[in-house]
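The values are calculated or read from the model by the stated rules, or taken from the named source; none is laboratory data. Predicted model only: the values in this text are computed from it and were never measured. Cβ placement follows ideal geometry from the backbone for every residue including glycine, while neighbour counts extend to all protein chains displayed.
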Amino acid sequence: MKAFGYRASNSDHTLFLKRGKGRITALIIYVDDMIITGNDQDEISSLQQYLTSEFKMKQLGNLKYFLGIEEARSKHGIFLCQRKYTIDLLSKTRLLRSKPVDTPIE
């Protein structure tokens, strides 16, 4: 990624950033999933072409899920939700049919 002009983030070793002239492009990789985003569509397309030439990959379109987090967009902004992850966790621990109970606190 360095050869392509990206720098690894100091805070997250799976995040690579490219900045310049008020533009930013971000690539985050986790195992076999990746997200490419930014405000420079030409750079995003160029990065996708570069990665496709180097690795066998397919483009899945707009982001829907990543690491158990659901992403949804509207005119009001971007919303993140872990509903599916929570349901899967409750199902795995056999607590899906549990009912909430009030716990009195003094």
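Residue 29 meets all of the listed conditions (1) within 14 Å of the chain's Cα centre (by Cα); (2) buried (at least 17 other Cβ atoms within 10 Å of the Cβ); (3) among the hydrophobic types (A, V, I, L, M, F, W, C) but one, namely (2). Taking residue 56, is it at pLDDT below 90 and assigned by TED's automatic domain parsing to the domain that holds residue 6? Against the criterion (at pLDDT below 90 and assigned by TED's automatic domain parsing to the domain that holds residue 6), residue 56 qualifies. Contact map, the stretch 15-37: first residue small (Gly, Ala, Ser), second residue at pLDDT 90 or above, Cβ cut-off under 7 Å, separation 6 or more or different chains; pairs are 26/15; 26/17; 26/37; 26/38.
Residues of the stretch 32-44 that are out of contact with any Lys or Arg (no Cβ under 8 Å at 6 or more places or on another chain), farther than 14 Å from residue 66 by Cβ and loosely packed, with under 15 Cβ neighbours inside 10 Å: 41, 42. Taking the numbered list (1) in a loop (DSSP other than H, G, I, E, B); (2) touching a Lys or Arg at 6+ places or on another chain (Cβ under 8 Å) in turn, residue 57 passes all entries but (2). The set of residues from the stretch 57-96 being of a type in the set (Lys, Arg), free of Cβ contacts under 8 Å to residues at least 12 places away in the same chain and over 25 Å from residue 47 (Cβ atoms) comprises 75, 92, 94. For the stretch 61-79, the set of residues classified as exposed (fewer than 10 other Cβ atoms within 10 Å of the Cβ) and under 25 Å from residue 19 (Cα atoms) consists of 61, 62, 77, 78, listed by residue number. The set of residues in the stretch 63-106 being at pLDDT below 90, part of a loop (DSSP other than H, G, I, E, B) and touching a strand residue (DSSP E or B) at 6+ places or on another chain (Cβ under 7 Å) consists of 63, 64, 67.
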